[in-house]
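The values are calculated or read from the model by the stated rules, or taken from the named source; none is laboratory data. Note that the coordinates shown come from a computational prediction; the quantities given were computed from them, not determined experimentally. We place every Cβ from the backbone using ideal geometry, glycine too, and count neighbours over all the protein chains shown. Heads up: the accessible areas ignore ligands, DNA and RNA and are worked out on the full protein's heavy atoms, side chains in. Shrake-Rupley method; radii C 1.70, N 1.55, O 1.52, S 1.80 Å.
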Amino acid sequence: MKPTTPAEPTQEPAVPATGPATRLSRQAVTAAAIGNFIEFYDAAVYTLLAPVFSQQFFPVGNKALALLYTYGIVVGVAFVVRPLATMVLSPYGDRHGRRQLLSLTLFIMGAGLLLIGLTPAYRTIGPLAPALLVLGRVIQNVSNSGEYQAATAFIVEHAPHDRRASVGAVQYMTAGAGLLAATLVSGTLTTALPKSLMADWGWRVPFVLGALLCLYGVRLRRAVPESPSFTRLRTANEVERRPLRTAVRQHRRSLLLVVVLQFSQVTYYTWQVFLPTYANLVAAFPLRMGLALNAVALAVFILLLPLVGALSDRVTGRRPLIIAEALGFAVLAYPMLAVLQHPTPGGYLLVAVAGNALLALGYGNMAALFCELFPTGVRSSGIGVPYQLATTLFGGSTPIIAAWTIAHHHTLALGAYILCLEAIAAVVYLLLLPETRGRTLD
């Protein structure tokens, strides 16, 4: 079999911009994106409600310490599970197709959500409680290690070549919607239920709801066909037998770029998941108010994504927007977090909205950029392995780094950390990131 060669910036002939023109293609995009919705919903629910349920599993008599243990599970499990699972599941998507991998990951995701939601507290089953919580996170990380790359490739491969960023933005719109849904559900339950009921069973409701949604998602995914790009590859009998090895040998710069692009996971998790907890821990800002204001900021993020995608497709391309996001956070992250040392509701909302607007600059065209960096034969592996490794290092570790530094009274250390990462990212983009708009996907 002829090995896949590196993607070149060749231009495709102009065709009418029709978007996902048929009902079938719209269903394919929806079926792929629902998994991202649930993944980010799950991650947000776990992080947002950890202050509520952490002492149910770790009754250590110290709120901050129990929270640190609960966040530590996310990081510890991810460091062990994600690198191993993604090296199996990502090549699976290149060899057997995106659709087959998507059905598998969503089924696994539902099992993890249900286990966490139904696990009894420490007072009922003792040490088995935190053990089952760890197992639930193991299952979730196995699912997450294959979900993003398969869904991203599936969505962008279904999109017209001149609307890839616009259509690919759906991936992050559903991520934002998942975070927004988690914020609204968590905030509603926190407001509606007394603290005792919330700690007893209220926190379980969002996890069980997520598991039920997974069943619906599996049904959607089984009803749609494989992506056109992978179908053409399979019909031509050109499917890569060892896609991960080919990606490492022939696409090293693209692999590095995916890692650096995932530096943004630190700002993503900080602004879209951890910000209410951050303000609560450093300044006793009411968690309920933080959740409500974060919902407003998430709505702004979701509304901006298709606009940024259209701008990327029609005017700027991918590179300028990615650079603008990195430079924006390098300059503004520290002063924005400084505002939260003594926050007012207006100040908190300004910080939350400004951070989400910066995030939209990058994520509005990120899915298209990832896919355009790799040819079809290695796309799932090329995106998946560096994406998952970097997400584990830079995204999953964010809550525990923030909680540890706050516990040791270094409340602005997170801002300094973000500044350094985003400054490095900006330099890498200026030196190595090509403009990929218009590249062929095959």
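Hey, could you check the stretch 68-123 for residues that are basic (Lys, Arg) and farther than 29 Å from LEU281 by Cβ and say which is most open to solvent (accessible area, probe 1.4 Å)?
Checked the stretch 68-123; the qualifying residue most open to solvent (accessible area, probe 1.4 Å) is ARG95.
Search the stretch 292-319 for residues that are more than 19 Å from GLY178 (Cα to Cα) and touching a residue at least 40 places away in the same chain (Cβ under 8 Å) and pair each with any residue that is assigned to a helix (DSSP H, G or I) and open to solvent by 30 Å² or more (accessible area, probe 1.4 Å) when their beta-carbon atoms are under 7 Å apart and the residues are at least 6 apart or on different chains.
VAL308/LEU361; ASP313/ASP162; ASP313/ARG163
Name every residue in the stretch 186-226 that is open to solvent by less than 70 Å² (accessible area, probe 1.4 Å), small (Gly, Ala, Ser) and closer than 17 Å to LEU106 by Cβ, in order of residue number.
The answer is GLY210, ALA211, GLY217.
Wholly within the stretch 206-280, which helices (runs of 4 or more DSSP H) include no fewer than the required count, namely at least 2 residues that are hydrophobic (A, V, I, L, M, F, W, C) and in contact (Cβ under 8 Å) with a residue 12 or more places away in the chain?
Once the helices (runs of 4 or more DSSP H) in the stretch 206-280 are filtered for at least 2 residues that are hydrophobic (A, V, I, L, M, F, W, C) and in contact (Cβ under 8 Å) with a residue 12 or more places away in the chain, what remains is 228-235, 243-250, 252-261.
Take the residues in the stretch 376-426 that are in a loop (DSSP other than H, G, I, E, B) and without any contact (Cβ under 8 Å) to a residue 12 or more places away in the chain; name whichever of them is nearest to ILE73 (Cα to Cα).
Checked the stretch 376-426; the qualifying residue nearest to ILE73 (Cα to Cα) is HIS408.
Looking at LEU332, LEU327 in this structure, which one is open to solvent by 50 Å² or more (accessible area, probe 1.4 Å), within 28 Å of ILE383 (Cα to Cα) and either of a type in the set (Ser, Thr, Tyr) or in contact (Cβ under 8 Å) with a residue 12 or more places away in the chain (or both)?
LEU327
Give the residue, chosen from VAL156, VAL170, VAL185, that is among the β-branched types (Val, Ile, Thr), modelled with pLDDT of 90 or more and closer than 30 Å to THR119 by Cα.
VAL185
Of the conditions (1) within 20 Å of the chain's Cα centre (by Cα); (2) not in a helix (DSSP H, G or I), GLY76 fails just one. Which one is it?
Unmet condition: (2).
For the stretch 368-397, give me the residue count where each residue is under 21 Å from THR270 (Cβ atoms) and in contact with a Ser or Thr (Cβ under 6 Å, 6 or more places away or on another chain).
The qualifying residues number 1.
Within the stretch 58-70, identify whether any single residue is under 30 Å from GLY187 (Cα atoms), assigned to a helix (DSSP H, G or I), out of contact with any Leu (no Cβ under 7 Å at 6 or more places or on another chain) and at pLDDT 85 or above, and answer yes or no.
Within the stretch 58-70, not a single residue is under 30 Å from GLY187 (Cα atoms), assigned to a helix (DSSP H, G or I), out of contact with any Leu (no Cβ under 7 Å at 6 or more places or on another chain) and at pLDDT 85 or above.
With the requirement that a residue be closer than 25 Å to THR188 by Cα and among the hydroxyl-bearing types (Ser, Thr, Tyr), what does the stretch 247-299 give you?
Result: TYR268, TYR269, THR270, THR277, TYR278.
I'm checking my understanding of the structure. Among residues of the stretch 181-202 that are without any contact (Cβ under 8 Å) to a residue 40 or more places away in the chain and among the hydroxyl-bearing types (Ser, Thr, Tyr), which one is farthest from LEU213 (Cα to Cα)?
Step by step, filter the stretch 181-202, then rank; the result is SER196.
For the stretch 90-180, which helices (runs of 4 or more DSSP H) that fit wholly inside it have 2 or more residues that are touching a residue at least 12 places away in the same chain (Cβ under 8 Å) and closer than 21 Å to ALA310 by Cβ?
So the answer is 128-158.
When you look at ALA338, is it open to solvent by 20 Å² or more (accessible area, probe 1.4 Å), in a helix (DSSP H, G or I) and either modelled with pLDDT of 95 or more or closer than 30 Å to VAL29 by Cβ (or both), yes or no?
yes
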